[in-house]
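Participant: The structure that follows is given in the form of structure tokens.
The values are calculated or read from the model by the stated rules, or taken from the named source; none is laboratory data. Fair warning: this is a prediction, and the values are worked out from it, not measured in the lab. We place every Cβ from the backbone using ideal geometry, glycine too, and count neighbours over all the protein chains shown.
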Amino acid sequence: MQAIKLQVNDEINIDESRKHLTNLHGYSDGYITIASKNPNYSQWHYKREDLLERTEDIINDINSYVSQNTFYRPQRRIENIKELRAVYIDIDCYNSKYTKDAVKYFLEHDLYSHKIPRPNYLIDSGRGLYYVILIKPVPSMAMPLWYAVQRYLYNVLKKFGADANALDPTRVLRIVGTLNSKSGTCVEVLDEYDYEYSLREIQEEYLPEIIKKDKPKGRPKKMVSLFNEYSLYYARVMDITRVCELRDYDVEGHREVILFLYRYFSACFTEDEDEALRRALELNAMFKKPLPENEVITDTKSATRAYQNKLYKYTNAKLIEILNITLDEQQHLKTIISGKEKYRRCSDEKKAKQKAKRRNENGLTKREQEKKDRLEKIKELQAEGFNQNQIAGQIGISRQAVSKLLKSLDT
């Protein structure tokens, strides 16, 4: 399709939009969110095939956005993340003393391959820049590492106007080829790099201290501590969501405390108070008996103050008590577990390790391996023309045992 001329400073190009979406999600699995602000915010969810085949029908020419990661369900929520496919920084140059050209210069001459990787995309979003690295897809369990990388990139780029409120994995960014109505210009690629990074590769190159096999002496480095905190906060968010799922969202009697904890841990993980509130409101809407929206906002407001002042360090025992989490429910959770459940898991893990030790590289016990070897020998002798009595004499077992082993081959 040809670019369409509008009464603006630039042209919309749906072909560039399609190319951008293909590079982002050409092999994506899960739902992709497309959003629009024209003038109100709306969003829709598509599978890869539908999005790429119907790009021209789906994409709004003005103020169109796409999620960089994908979701299990058609809901743009952190607990629904299916694939982490990119790390990214939204650089609001207008909030810094640098122009877009100046930021691009410093990136290329001072930072690339030294402090940060060269991105697959450096995009002019209209009033700022998008720094986007495409990664080999990883599941949501890699979220703490993903977020640690995000925070590292943000810290390097914050002097250029990096947006601290645009670091969450559900973020949508403008689509190349579409129009930014605020700047009156088209979103365009300034630099493109054809390379697929892995999240572990970035971590090993730029954050080697956060993964240590041996526990170091002394206090951990700041990035290590942050990584551990993000891991815990993310696990808390997922566990609270899981409790709601296990109860089929019939949580009357616990709604207020669930929403408070969810908003609090979401704020701690994303470091975005507005995003944490949005997610709490979405979770409330999923309840069988949701609270009025204004009540959610008021009753959970203290979660923001708690996050700002880091007031609470909830123990597992306290969370189990206030949420009334049963032992059966704890079996489905990651971190909110009692000592009894922890003991059960350790016992099961120990049994599994002991069982594994009894097996060789073929996954067989000593007895199973001996039987397998004996059968192989019997087949060899049988192929050479030996009868069962002769085979028994060669191997040193009874003829009945030979007969039984041969019958096992037919079952």
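Participant: Being assigned to a helix (DSSP H, G or I) and either surrounded by 12 or more Cβ atoms within 10 Å (Cβ to Cβ) or outside the structural domain of V251 (by TED's automatic domain parsing) (or both) is the filter here; which residues of the stretch 334-349 pass it?
Facilitator: E341, K342, R344, R345
Participant: Would you confirm whether or not the stretch 147-160 contains a residue that is under 18 Å from Y65 (Cβ atoms), among the hydroxyl-bearing types (S, T, Y), assigned by TED's automatic domain parsing to the domain that holds Q68 and buried (at least 22 other Cβ atoms within 10 Å of the Cβ)?
Facilitator: Checked against the condition, which is being under 18 Å from Y65 (Cβ atoms), among the hydroxyl-bearing types (S, T, Y), assigned by TED's automatic domain parsing to the domain that holds Q68 and buried (at least 22 other Cβ atoms within 10 Å of the Cβ), the stretch 147-160 yields no hits at all.
Participant: Which residue out of T170, T185 is under 13 Å from Y88 (Cβ atoms), assigned by TED's automatic domain parsing to the domain that holds Y112, among the hydroxyl-bearing types (S, T, Y) and touching a residue at least 12 places away in the same chain (Cβ under 8 Å)?
Facilitator: T170
Participant: Name the residues in the stretch 251-278 that are in a helix (DSSP H, G or I) and more than 19 Å from L323 (Cα to Cα), would you?
Facilitator: Across the stretch 251-278, the qualifying residues are A267, C268, F269, T270, E273, D274, E275, A276, L277, R278.
Participant: Moving to a separate point now. I'd like the full set of residues that are in a loop (DSSP other than H, G, I, E, B), of a type outside the set (S, T, Y) and closer than 20 Å to S96 by Cα, limited to the stretch 116-134.
Facilitator: Within the stretch 116-134, G126, R127, G128 qualify.
Participant: Which of the residues that make up the stretch 143-175 are out of contact with any strand residue (DSSP E or B) (no Cβ under 6 Å at 6 or more places or on another chain) and either among the β-branched types (V, I, T) or not in a loop (DSSP other than H, G, I, E, B) (or both)?
Facilitator: The answer is M143, P144, L145, Y147, A148, R151, Y152, N155, K158, K159, T170.
Participant: Okay, next question. Please work out which residue is modelled with the highest pLDDT, limiting yourself to the stretch 8-31 and to residues that are under 15 Å from T178 (Cα atoms) and either aliphatic (A, V, I, L, M) or not assigned by TED's automatic domain parsing to the domain that holds L173 (or both).
Facilitator: The extreme case among them is L21.
Participant: Taking interchain pairs and intrachain pairs at least six residues apart, which have beta carbon atoms under 7 angstrom, with the first residue in the stretch 400-411 and in the same structural domain as K379 (by TED's automatic domain parsing) and at pLDDT 75 or above and the second polar (S, T, N, Q) and in a helix (DSSP H, G or I)?
Facilitator: V402/Q388; S403/Q388
Participant: Also, I was wondering about something else. Suppose we filter A285, A317, A306 for residues that are assigned to a helix (DSSP H, G or I), farther than 15 Å from C244 by Cβ, at pLDDT 90 or above and not β-branched (V, I, T); which single one remains?
Facilitator: After ruling out the rest, the residue left standing is A317.
Participant: Take the conditions in a helix (DSSP H, G or I), of a type in the set (D, E, K, R) and surrounded by 10 or more Cβ atoms within 10 Å (Cβ to Cβ) and apply them to R359. Does it pass?
Facilitator: no
Participant: Something else now. Can you tell me how many residues within the stretch 316-333 are more than 20 Å from L259 (Cβ to Cβ) and loosely packed, with under 15 Cβ neighbours inside 10 Å?
Facilitator: Final tally of qualifying residues: 6.
Participant: Residue by residue through the stretch 81-106, note down the ones that are of a type in the set (A, V, I, L, M, F, W, C), buried (at least 22 other Cβ atoms within 10 Å of the Cβ) and out of contact with any helix residue (DSSP H, G or I) (no Cβ under 6 Å at 6 or more places or on another chain).
Facilitator: A86
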